[in-house]
1. Report, by residue number, each residue of the range 61-75 that is more than 15 Å from Y50 (Cβ to Cβ) and surrounded by fewer than 19 Cβ atoms within 10 Å (Cβ to Cβ).
2. Which of (1) of a type outside the set (K, R); (2) surrounded by 14 or more Cβ atoms within 10 Å (Cβ to Cβ); (3) more than 18 Å from G55 (Cβ to Cβ) does E79 not meet, given it meets every other one?
3. Of these, L22, L36, which one is assigned to a helix (DSSP H, G or I) and modelled with pLDDT of 70 or more?
4. Sort out which residues of the range 62-103 are farther than 20 Å from P47 by Cα, among the β-branched types (V, I, T) and not in a loop (DSSP other than H, G, I, E, B), and write them in order of number.
Amino acid sequence: MDIQETLQRRRQGRWVSAIPFLCFIGLTWVVYFSGLTSPEYQKMEAPDSYWVTTGAKEVKQFHLPDGTLVILGANSAMEVPYRYGQSECRVHLSGEARFEVASDTIKPFRVSTR
């Protein structure tokens, strides 16, 4: 084998070893960016509220961000907006609950039922 053939094989060997690496980088890029630019991903929004629920014979006691104590009865659910207390103090209740409301004359406490 002469020097020219040896150099040519070395050059080809470099490209052959680089092909799997380049394929991996390209595939990673496609998978990553296709998820971020899909219409379904762009339509996703952060939830506006969270739910506190109880099962049969279960009672939960917790405080709302303004200090209001809530005792949620069995088989009940309450939806609390993440922005609770910023512009208004409103919750949505399905079932039964007792409240010890923190006094606030500017933002009165409101409960809506379903």
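The values are calculated or read from the model by the stated rules, or taken from the named source; none is laboratory data. In this text the structure is predicted, and so the values were computed from the model without any measurement. Cβ: placed from backbone, ideal geometry, glycine included. Neighbour counts: every protein chain shown.
1. Within the range 61-75, Q61, D66, G67, L69, I71, G73, A74, N75 meet the criteria.
2. Answer for E79: the failing condition is (3).
3. It is L22.
4. Within the range 62-103, V70, I71 qualify.
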